[in-house]
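The values are calculated or read from the model by the stated rules, or taken from the named source; none is laboratory data. On a predicted model such as this, the values are computed, not experimentally measured, just so you know. Cβ coordinates were reconstructed from backbone atoms using ideal geometry, including for glycine residues, and neighbour counts include every protein chain displayed. Surface accessibility is based on the protein's heavy atoms, side chains included, excluding ligands, DNA and RNA. Shrake-Rupley method; radii C 1.70, N 1.55, O 1.52, S 1.80 Å.
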Amino acid sequence: VANAGILLAGQDDRADRLDVGVWRRVLEVNLTGMFLTCKHGIRALLRRDSGAVVCTASPTGLYGLAPGLDAYSSSKAGVYGLIRVLANDYAAEGIRVNGVIPGYTDTPMNDYVERPAAHERLIATIPLRRQGTADEVANVIAFLASDEASYVTGAVWAADGGMTAI
């Protein structure tokens, strides 16, 4: 499981105001960190001639729904590309590569969201009308890593309460 991510709330910004050092730091962790985790994990899976990789993506990388988080959103968009190219590169060798989109999940990364106002506005955008839990995201990851998903590769599954469905 490749799960690399930082969100520098208060530092990440629109492109015209975004410090290039913040841009580089976010991409270094979120995209390069993801790549390095995959690179070394895949090397181990190649020795076994099979396996599964699951990368953590984000709805912000798929849709422009996080204005002012340009570095974070761009880094997670890169994760989508990484998932697809790795899935294609390693399928013939029995290695599946997929992704999971944790939506607005109750983790420390989302502690920057002002409560109750901004939190309630976010909840209103989620069809299930609640924040997800880490366990709910972990269940999707476990499925994608399991033999139950043996015919799934190059896919990105949402564990986001329907946020990306609308």
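A few remarks follow.
- Overall form of region 60-152 per C-alpha gyration tensor (a/c, 1.5; a/b vs b/c): oblate
- The stretch between R43 and V113 holds 21.4 nm of extra length on full extension. This uses 0.36 nm per residue minus the Cα-Cα distance.
- Surface share of carbon and sulfur [accessible, 1.4 angstrom probe, percent] for region 1-120: 52 percent
- When the trypsin sites (Lys or Arg not before Pro) in region 92-166 are filtered for DSSP coil states and for at most 13 other beta-carbon atoms within 10 Å of their beta-carbon, the remaining sites are R129, R130.
- Residues of region 12-166: accessible area per residue with a 1.4 Å probe, Å²: 54 Å²
- For region 75-166, chymotrypsin sites (Phe, Trp or Tyr not before Pro) are listed when DSSP marks them as loop and at most 11 other Cβ atoms sit within 10 Å of their Cβ; the list is Y112, Y151.
- Taking A142, A117, A134 as the candidate residues, the one with maximal mean-square fluctuation in a Gaussian network model of the chain, Cα springs under 10 Å, is A117.
- Within region 84-148, the GluC sites (Glu not before Pro) that combine a DSSP coil assignment with at most 16 other C-beta atoms in a 10 angstrom radius are E114.
- Think of it as helices only: each DSSP H run of n ≥ 4 in the chain is worth -39500 (n - 2.57), and spread over all residues that comes to -12500 deg cm²/dmol at 222 nm.
- Residue among D70, D147, D12 with the largest mean-square fluctuation in a Gaussian network model of the chain, springs linking Cα atoms under 10 Å: D147
- Shape of region 1-41, Cα gyration tensor, a/c cut at 1.5: prolate
- Chain lengthening between R130 and V20 when straightened (0.36 nm per residue, less Cα-Cα): 36.1 nm
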